[in-house]
Number of protein chains: 2
Amino acid sequence: MAADKLDGLAGVLDSSVILTTDEDMAPYLADWRGRYAGRARAVLRPHSVGEVSAILRWASATLTPVFPQGGNTGLVGGATPDERGTGVVLELGRLNRIQDIDTAGNTLVVEAGAILANVQQAAADAGRLFPMSLGSEGSCQIGGIIATNAGGIHVIRYGTTRELVLGLDYVLADGTIVHGLKRLAKNNTGYDLRNLLIGSEGTLAVITAAALKLFPRPAASASACCAVASPQKAVDLLSLLRERLVGRISSFELMCDGEMGLVLAGDASLRLPVAARAPWYVFIEVADSGGESVLVEALTAVLGRCLEDGTILDAAIAQNEAQAKAIWHLRFAVSEANRRAGPNVSHDTSVATADVPAFLAAVSAALKDRFPPARPLFVGHVGDGNIHVVALFPRDGFQGPAAFEATASAVNDCVFAVVQRFNGSISAEHGIGRSLAGHLPGHTDPAAYRLMRGIKQLYDPLGILNPGKVLSRA
Amino acid sequence: MAADKLDGLAGVLDSSVILTTDEDMAPYLADWRGRYAGRARAVLRPHSVGEVSAILRWASATLTPVFPQGGNTGLVGGATPDERGTGVVLELGRLNRIQDIDTAGNTLVVEAGAILANVQQAAADAGRLFPMSLGSEGSCQIGGIIATNAGGIHVIRYGTTRELVLGLDYVLADGTIVHGLKRLAKNNTGYDLRNLLIGSEGTLAVITAAALKLFPRPAASASACCAVASPQKAVDLLSLLRERLVGRISSFELMCDGEMGLVLAGDASLRLPVAARAPWYVFIEVADSGGESVLVEALTAVLGRCLEDGTILDAAIAQNEAQAKAIWHLRFAVSEANRRAGPNVSHDTSVATADVPAFLAAVSAALKDRFPPARPLFVGHVGDGNIHVVALFPRDGFQGPAAFEATASAVNDCVFAVVQRFNGSISAEHGIGRSLAGHLPGHTDPAAYRLMRGIKQLYDPLGILNPGKVLSRA
């Protein structure tokens, strides 16, 4: 049967679109961390929206599961096919043209498969800023960014992906092409289908192009690293900065000292920017039009006051771009440091910003109580209330992957129970994918979850689009 | 039958909730401009979410249409009951408590019936800014603001209502209460039901409470009125301002000289801020932390350069708050001036900002060609590409309301045809309501329109919620 299926497809697509050998398919069948792996009949790499439409028409006619994939950089298994091997991966990387840049209106129109870093560069070349920035920007695709409503380090200033997308073109499960790509800042014509697709992780439709918002490039920026005694002090510092430097805070990140220790231990070339180790560190970037000296002066004034009144213990303000890069390198080295440090279970939680200190204390206590061998580590976007909680286990802590997965699941339950007490989110920016699909019903209003199932049924009545992701199989 | 229906309701609600006399109901049965009027069995004014739920359970059981209503200040007839008289108006004004203000996290939790100005004031009393601002803020309600995704004069800086809402509580058509009110900046747990409700104009559910974003209060602000030769010059000025005063532009409004003439003619106390009449005027507000003098200096520098290079013809920068108020009074006097000036047909269009000059020229030409007696007037939020196109007819231009309505419909068609050529929106910020429901299918991708109908069917299978609004009757 399966061979017949692909034959039907070969009749309407160029042969270069269809990859079927194990070697050709391998990069698309497992996620980059090697955490999720699946199988597929084929990997399809269309060149055009017409080919995407043809693929979905064929998939609907043959009831073939379709797993849309961007740069395959996700953290929740949202882009990996399942183990059944009955479906196809639909990889969008060949639809990668930047179609239009409008500097007067500050918009950029791009196909879904364009790599984020290329979009950032195209905006920069036009004298503008596309502010989405995250670790995988060198390989993640715009379509994936949108399908997962990605966050990153500039959300505090520019919002999540949701707030950067003006319009979308997409293809429905039956192959219908929907033209929704308007470059409008305001448009109140009916229900907000655009935001319904943003964050739907390929389960409702396949995004093919987007109109994005651009911003002026700030002429000046300044970075600092501060040592603080507690998360509460970090929240206090943020409040003051927000008041004194309205609209200029581009990043405000928090890291615990345990995490800093791992980062520094992993790379001998790295240096602590402040004079001595402290319980917590804050990473700040501010940016503005006008002169750099004015901005550095303003930041220095705020941090000086905070030193005096005890809000912060120490501060290092970057005096040049190399120093700024060195500060931010510490923040960006976290993922790699954790990977090296040993088996760990990480979470993407958020709570109201004011609740962050109490939440971190509660999570820390719960983990220490339930999992004494684990070290709780915290790093994240405290300005968004989004903290990545990491439970780091000893290197020899598990007898094989199954033992690890069992403990990981128990750690998830432990952390998520605390999240629920704080009315927080079990997935602030990474999405649900396959890894959290089973947890979603327990953390969603039951009527809201039924509505989500209804929406899935409306958009994808045959259930061919990314089955098993976001919503668990019924 | 109808009496029995209300009897069933009286059993579960306090009698103070149910208004049935003509006198009591009158304020809720027509819109404030007197453009739309309807009838109803009763006007229901619940005190609690439980009562809202009871009303909707009863309405579902008896198949009674429910017309949710906030401050009744809409411009498209979205809150007015229809002429059948078989339904009830559900007015939310008694659910008006501000439940929580969190100054560390910059959030405010409020019930749907709270008046916008009261929310602004509560935020101000806490040293924060709730930036939504529009003409009807003294009487419009938060629930209506959210249900219509209202815009206003600060969208250029803070976004539309959509971008100011963190979470919603609401009641479904069958009376089910949905708890979605989280105070989270980031939350990627499943489909975005929140944005689906925002802008759904009471056709999918009844919003009962919201968590809103607050902002720091800028310590300094400055206002200016500039004379410019053309809309293109206004767009050029905006580009330069955006670059030089990154993140500080709170409002950027455009008005044609014809409109200015009407405004000045209507109130002898008003003065033109610039030295002489000009083809177009721009109204600017910038706001920032720090000192007022620094901000005024920066604005003066940009406008000085624009005077030199011919981008603007003249500029008046307010030297004190009284002058700033006088400048903005001109902008806010537009609605009243138009009401007085004679029969007029107004539109709420948007296009990409860069297209505004060509769009205005095309609309102007089309109106002059098709409706020679009409004067085209333009005023709006040019920074959002959102221009209100007004066709003003001679006072004695119509023999009765029917003749006016027929012409109004033809004027709509004429303007909307130009909007379509520019891939714009027929409703940027006012919504669809009943007045544009018939136009929506012609300006929406057919598959997208089918999805909207499917969403309506999913949320409101009996069709009792605000029937005939947004989507025309099937």
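Bear in mind these aren't lab numbers, they're just calculated from the coordinates by the rules spelled out. Only a predicted model underlies this, so the values are computations on that prediction, with no experimental measurement involved. Cβ: placed from backbone, ideal geometry, glycine included. Neighbour counts: every protein chain shown.
Points worth noting:
- Placing a label point 7 Å from Cα along the Cα-to-Cβ axis, A:Gly261 is separated from the same position in the other copies by 7.8 nm, shortest listed first.
- Annotation: for a label point projected 7 angstrom from Cα along Cα→Cβ of B:Arg450, residues of region A:33-64 with backbone N closer than 17 Å are A:53-62.
- Estimated distance in nm for a label pair at A:Ala406 and B:Asn423, the labels positioned 7 Å out from Cα along Cα-to-Cβ: 5.6
- Cβ crowding within 10 Å ranks A:Cys226, A:Cys140 as A:Cys140, A:Cys226, fewest other Cβ atoms first.
- Computed from phi, the 3J(HN,Hα) profile of region B:449-458 under the Karplus parametrisation 6.51, -1.76, 1.60 (θ = phi - 60°) reads 5, 4, 4, 4, 4, x, 5, 4, 4, 5 Hz, with x in place of Gly and Pro.
- Residue separation of A:Arg271 and A:Ala365 scaled by 0.36 nm, minus their Cα-Cα distance, works out to 30.8 nm of gained length.
- Computed on region A:314-472, the Cα convex hull volume stands at 163 Å³ per residue.
- As a proxy for reagent exposure, B:Cys306, A:Cys225 were ordered by neighbouring Cβ count within 10 angstrom, fewest first; the result is B:Cys306, A:Cys225.
- Take the Cα of B:Arg97, step 7 Å toward its Cβ, do the same at A:Ser48, and the gap between the two points is 6.1 nm.
- Mean Cα-pair separation over length for region B:220-334, i.e. relative contact order, pairs under 8 Å, 6 or more apart, %: 46
- The helix-based estimate of mean residue ellipticity at 222 nm for chain B, built from -39,500 (n - 2.57) per DSSP H run of four or more residues and divided by its residue count, is -10500 deg cm²/dmol to the nearest 500.
- Computed over region B:342-421: relative contact order in percent, which uses C-alpha pairs under 8 Å that are six or more apart: 42
- A:Asp413 label point (Cα plus 7 Å toward Cβ) to equivalent points in the other copies: 6.6 nm, shortest first.
- By DSSP, the beta bridges lying fully in chain A are antiparallel in about 85 percent of cases.
- Using θ = phi - 60° and Karplus 6.51 cos²θ - 1.76 cosθ + 1.60, couplings along region B:338-350 (whole Hz; Gly, Pro as x): 5, 4, 6, 6, x, x, 9, 10, 10, 9, 10, 8, 9
- Across the copies of the chain, B:Pro401 has label points (7 Å from Cα along Cα→Cβ) spaced 7.2 nm apart, shortest distance listed first.
- Once C-alpha pairs closer than 8 Å and six or more residues apart are averaged by separation and normalised to the residue number of chain A, the relative contact order reads 15 percent.
- Proximity of backbone amide H atoms, modeled 1.01 Å from N, is registered between A:Ala42 and A:Val89 at under 5 Å, excluding neighbours fewer than 5 places apart on the same chain.
- Of the residues B:Lys456, A:Lys368, the one with the fewest other Cβ atoms within 10 Å heads the list, and the complete ranking is A:Lys368, B:Lys456.
- Note, ³J(HN,Hα) from phi for region A:156-165, Karplus 6.51, -1.76, 1.60, rounded to Hz, x at Gly and Pro: 4, 9, 10, x, 7, 3, 3, 7, 10, 10
- For B:Asp314, nonlocal amide neighbours, meaning residues 5 or more places apart or on other chains whose placed amide H falls under 5 Å from its own, are B:Ala227.
- Projected label distance in nm at B:Ser16 and A:Asp22, using a 7 Å step from Cα toward the beta-carbon: 7.7
- Checking the Cα-Cα distances for A:Lys469/B:Lys182; A:Lys186/B:Lys233; A:Lys182/B:Lys456; A:Lys213/B:Lys368; A:Lys186/B:Lys469 against a 25 Å cut-off, the pairs over it are A:Lys213/B:Lys368.
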